[in-house]
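Here's a structure for you.
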Amino acid sequence: MDVGLKGRRALVCAASKGLGLACATSLAREGVAVTITGRTLATLESAAAAILKQTGAQVTIAPGDIATPEGRAAALAACPEPDILVNNAGGPPPGDFRDWQREDWIKALDANMLAPIELIKAVVDGMIGRRFGRIVNITSSAVKSPIPTLGLSNGARSGLTGFLGGLARQVAPNNVTINNLLPGSFLTDRLRSTNAAEARENGRTPEEEMAESTRAIPAGRFGDPSEFGEACVFLCAASSGYIVGQNLLLDGGAFRASFG
Ligand code: NAP
């Protein structure tokens, strides 16, 4: 199926690994020219090489920390007029809110709320002018179902979601959509290292730990990042202009609700 994205340009943030890389790869497979960002140059270069090899699409790299003004300036210099913006960054650390200082909150807000808002501010008027734009924000299932130890993530991402719920309705008349993808548990490096640490803590092998963790997921497994990438393509498709301000949960059924 042709999703109508050939020749479009995408800026995909935090995309040298994991879910961001999966989104960039899936978009590249649809003929989108992708610019990917990440802080570690070597990882970013090998990700770009892998995307090129798998898809043959044009891939540009923009090294830098997307949570900083300099990192965002580098990303926008490499891709000044994206048709597609995928917002992503690393998640805040777990902990007890009693231990968090103002700086910890500001750091979480910078990465997981303000960076996406700043990037949207920089590109949305161009999208409106061209009457095409697709903005996808990688948030978390924690927006719908909070994870107590991830309070910084629950708070910062919910702030982003609330703000974008309003903005999505303001830009929709111009065929610019803003939607969020909410990952549950996807088998990325991040999840692998968390799983390995929990296995050590619980005296299990990584395989045993994984079996234990997937027990509560109706699908019976962790998600494959490529599945996440394909959901990103779906939201970006030319025919998805009527999908506005949605929070799409990809969690294998882990969040139990009959509706929404
Ligand atoms: P991952 O496998 O660790 O990949 C993170 C990617 O983001 C790497 O390419 C990393 O490269 C880059 N990155 C991190 N912080 C960055 C920054 N400040 N600026 C630029 N690039 C940055 O993580 P993931 O599992 O794909 O997770 C992606 C996001 O989804 C995170 O916010 C995570 O909390 C959230 N999430 C993931 C899951 C899951 O199951 N995987 C579930 C819920 C939520 P560098 O380190 O080189 O910068």
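The values are calculated or read from the model by the stated rules, or taken from the named source; none is laboratory data. Note that the structure is predicted; figures quoted are calculated from it, not measured. Ideal geometry is used to build each Cβ from the backbone, glycine not excepted, and the neighbour counts take in all protein chains shown. Heads up: the accessible areas ignore ligands, DNA and RNA and are worked out on the full protein's heavy atoms, side chains in. Shrake-Rupley method; radii C 1.70, N 1.55, O 1.52, S 1.80 Å.
Name the pairs: first residue in segment 81-98 and farther than 15 Å from Thr37 by Cα, second residue more than 10 Å from the ligand (Cβ to nearest atom) and at pLDDT below 95, Cβ to Cβ under 8 Å, at least 6 apart or on different chains?
If the second residue must be more than 10 Å from the ligand (Cβ to nearest atom) and at pLDDT below 95, the pairs left are Pro94/Thr149; Gly95/Thr149; Asp96/Thr149.
Can you tell me how many residues within segment 44-76 are open to solvent by 20 Å² or more (accessible area, probe 1.4 Å), in a helix (DSSP H, G or I), of a type in the set (A, V, I, L, M, F, W, C) and in contact with a strand residue (DSSP E or B) (Cβ under 7 Å, 6 or more places away or on another chain)?
The qualifying residues number 2.
Please find, among Glu70, Glu45, the residue that is within 16 Å of the ligand (Cβ to nearest atom) and farther than 27 Å from Ser185 by Cα.
None of the others qualify; the one that does is Glu70.
Exactly one of these conditions fails for Leu109: (1) within 10 Å of the ligand (Cβ to nearest atom); (2) open to solvent by 40 Å² or more (accessible area, probe 1.4 Å); (3) under 17 Å from the mean Cα position of the chain (by Cα). Give me its number.
It is condition (1) that Leu109 fails.
For segment 130-137, does any single residue satisfy the condition of being under 21 Å from Asp65 (Cβ atoms) and either of a type outside the set (S, T, N, Q) or part of a loop (DSSP other than H, G, I, E, B) (or both)? Don't jump to the end; show me each part of the working.
Filtering segment 130-137 for residues under 21 Å from Asp65 (Cβ atoms) gives 135-137.
Next, only the ones that are either of a type outside the set (S, T, N, Q) or part of a loop (DSSP other than H, G, I, E, B) (or both) stay: 135-136.
Yes, some residue in segment 130-137 is under 21 Å from Asp65 (Cβ atoms) and either of a type outside the set (S, T, N, Q) or part of a loop (DSSP other than H, G, I, E, B) (or both).
Okay, next question. Out of Ala199, Ala257, Ala211, report the one residue that is over 24 Å from Leu21 (Cα atoms), part of a helix (DSSP H, G or I) and open to solvent by 20 Å² or more (accessible area, probe 1.4 Å). Don't jump to the end; show me each part of the working.
Working: Ala199 fails: open to solvent by 20 Å² or more (accessible area, probe 1.4 Å); Ala257 fails: part of a helix (DSSP H, G or I).
Result of the check over Ala199, Ala257, Ala211: Ala211.
Looking for something closer than 26 Å to Ile106 by Cα and out of contact with any Pro (no Cβ under 6 Å at 6 or more places or on another chain) - is there at least one such residue anywhere in segment 47-60?
In the first step, residues of segment 47-60 are kept if they are closer than 26 Å to Ile106 by Cα; the result is none.
No, there is no match, as no residue in segment 47-60 is closer than 26 Å to Ile106 by Cα and out of contact with any Pro (no Cβ under 6 Å at 6 or more places or on another chain).
What pairs can you find where one residue is in segment 47-72 and of a type in the set (Lys, Arg), the other is open to solvent by 60 Å² or more (accessible area, probe 1.4 Å) and within 14 Å of the ligand (Cβ to nearest atom), and their Cβ atoms are less than 7 Å apart, with a gap of 6+ or different chains?
Cβ pairs passing all conditions: Arg72/Glu118.
Count, please, the residues in segment 161-196 that happen to be surrounded by fewer than 22 Cβ atoms within 10 Å (Cβ to Cβ), in a helix (DSSP H, G or I) and not charged (D, E, K, R).
So the count comes out to 17.
Of all residues in segment 214-254, how many are of a type in the set (D, E, K, R), open to solvent by 30 Å² or more (accessible area, probe 1.4 Å) and more than 20 Å from Thr25 (Cα to Cα)?
Within segment 214-254, the first condition is being of a type in the set (D, E, K, R), and the residues that meet it are 215, 221, 224, 227, 230, 251.
Pick out the ones that are also open to solvent by 30 Å² or more (accessible area, probe 1.4 Å) and you get 215, 221, 224, 227, 230.
From what's left, more than 20 Å from Thr25 (Cα to Cα): 215, 221.
Count: 2.
Residues checked against (1) within 13 Å of the ligand (Cβ to nearest atom); (2) at pLDDT 90 or above:
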site: Gly184; (1), (2): yes, yes
site: Arg190; (1), (2): yes, no
site: Gly203; (1), (2): no, yes
site: Gly220; (1), (2): no, yes
site: Asp224; (1), (2): yes, yes
site: Glu227; (1), (2): yes, yes
site: Gly245; (1), (2): no, yes
site: Gly253; (1), (2): no, yes
site: Ala257; (1), (2): no, yes
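A further question on this structure: Mind listing whichever residues of segment 1-42 are closer than 17 Å to Ala74 by Cα, among the basic types (Lys, Arg) and within 12 Å of the ligand (Cβ to nearest atom)?
Across segment 1-42, the qualifying residue is only Arg39.
If you take the residues of segment 33-43 that are among the hydroxyl-bearing types (Ser, Thr, Tyr) and open to solvent by less than 10 Å² (accessible area, probe 1.4 Å), which of them is farthest from the chain's Cα centre (by Cα)?
Of all residues in segment 33-43, those among the hydroxyl-bearing types (Ser, Thr, Tyr) come to 35, 37, 40, 43.
Imposing the further condition that a residue be open to solvent by less than 10 Å² (accessible area, probe 1.4 Å) reduces the set to 35, 37.
Numbers: Thr35: 14, Thr37: 12 Å.
Ranking the candidates gives Thr35 first.
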